[in-house]
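First up is the structure itself, then whatever we jot down about it.
The values are calculated or read from the model by the stated rules, or taken from the named source; none is laboratory data. Remember, predicted model here, so these are calculated numbers, not experimental data. Note that each Cβ is placed from the backbone with ideal geometry, even for glycine, and that neighbours are counted across all protein chains shown.
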Amino acid sequence: MPGPPTARGPLRVARRVRRERLLKRAKRRVYLKSEEELQAMRRANQLVASTLRLLRAAVRPGISTAELDQIAEENIRDQGGVPSFKGYHGFPASACISVNDQVVHGIPGPRRLQEGDIVSIDLGAIVDGFHGDSAITVPVGTISDAARALIYHTYRALWEGIAQAVVGNRVGDISHAVQRYAEAQGYSVVRELVGHGIGRSMHEEPQVPNYGPPGRGPALMPGMTLAIEPMVNLGRPEIEVAADQWTVSTQDGKVSAHFEHTIAVTLDGPRILSEWPDQEEPI
């Protein structure tokens with residue numbers, strides 16, 4: 001789930017959240033995890049990954065977003081986890097399910113998927129006190145070439161960012177890699193929503209934008225855990241929030257894709273905590 005300032009509820013509270021964050025600046029810290037804590041985080045993220053695998057298989061024309069959410073919640077709870085998103089700042093469901101021009105934070109409901117849709121599923125789970133967080137975008141039946149390319153390149157943008165998550169780099173190197181790749185393909189990146197640190201809290205420091213110059217931001221250190229999540233639009237980057245005060249959509253009505261992995265920065269390079277062992281390419 002994209003992090004502050006806008007992921008903590010509607011965009012109308014972003015200014016208040018930013019003020020609160022400024023007041024807490026002196027208390028900010030990046031929590032570095034031990035190997036034991038990383039293993040606990042991996043368990044949470046593997047539960048998320050396996051649940052997303054179930055959801056991907058369940059996506060088909062005619063299924064409702066509420067039915068997908070039910071599958072997600074039941075699987076997480078059956079495996080001993082707790083959905084991270086349900087009740088988080090009032091969010092009413094276990095999964096964020098966003099269709100077509102919806103970027104993120106879509107609330108599951110009676111809407112039924114149709115042939116040609118694309119659906120982004122963002123999911124979080126808590127296991128042993130640690131959060132896992134990951135997202136995928138899935139085609140519904142046969143989709144347009146433009147939508148297919150957007151999904152593919154958003155996924156590649158994620159991996160471009162992950163490749164920069166190495167000791168000695170800075171958060172801005174991740175951000176710049178995502179932006180450079182996505183814009184080189186002719187797309188735009190959402191700027192109001194960001195990736196984030198993650199651990200015992202779903203949103204920790206640092207923020208991980210999907211744009212910006214390289215060499216800026218906090219230095220990457222062993223034990224840092226980050227949710228890297230490009231949100232890439234087929235058209236312009238501007239977004240708006242629906243009347244439900246959660247669902248974020250593109251202003252121009254063009255489709256958007258979203259992928260996310262939780263990773264750990266280690267001396268051996270980025271460790272993907274939310275990757276399923278036989279995970280396939282999205283398209």
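The set of residues from segment 109-131 being within 13 Å of S94 (Cα to Cα) and either within 13 Å of the chain's Cα centre (by Cα) or not in a loop (DSSP other than H, G, I, E, B) (or both) comprises I121, D122, L123, G124, A125, I126. Take the conditions out of contact with any strand residue (DSSP E or B) (no Cβ under 9 Å at 6 or more places or on another chain) and without any contact (Cβ under 8 Å) to a residue 24 or more places away in the chain and apply them to D78. Does it pass? In short, yes. Out of curiosity, is G106 assigned to a loop (DSSP other than H, G, I, E, B), surrounded by 15 or more Cβ atoms within 10 Å (Cβ to Cβ) and of a type in the set (G, A, S)? So G106 passes the test. So if I check each of V241, V208, which one is farther than 22 Å from P139 by Cβ, touching a Gly at 6+ places or on another chain (Cβ under 8 Å) and among the β-branched types (V, I, T)? Among V241, V208, only V208 is farther than 22 Å from P139 by Cβ, touching a Gly at 6+ places or on another chain (Cβ under 8 Å) and among the β-branched types (V, I, T). Looking at (1) touching a strand residue (DSSP E or B) at 6+ places or on another chain (Cβ under 6 Å); (2) not in a helix (DSSP H, G or I), which is the only condition L150 fails? It fails just one condition, (2).
Among the residues of segment 51-75, those identified as farther than 15 Å from D122 by Cβ and outside any helix (DSSP H, G or I) are R60, P61, G62, I63, S64. Restricting segment 165-194 to residues that are touching a helix residue (DSSP H, G or I) at 6+ places or on another chain (Cβ under 8 Å) and free of Cβ contacts under 8 Å to residues at least 40 places away in the same chain leaves a set whose member that is surrounded by the most Cβ atoms within 10 Å (Cβ to Cβ) is A177. Scanning segment 213-237 for residues that are in a loop (DSSP other than H, G, I, E, B), more than 18 Å from the chain's Cα centre (by Cα) and not basic (K, R) turns up P213, P214, G215, G217, P218, L220, M221, P222, G223, G235.
State whether one or more residues within segment 212-225 are in contact with a His (Cβ under 9 Å, 6 or more places away or on another chain) and hydrophobic (A, V, I, L, M, F, W, C). No, that holds for no residue.
Here V13, V48 are screened, and the one residue that is modelled with pLDDT under 95, within 27 Å of P108 (Cα to Cα) and either assigned to a helix (DSSP H, G or I) or out of contact with any helix residue (DSSP H, G or I) (no Cβ under 8 Å at 6 or more places or on another chain) (or both) is V13.
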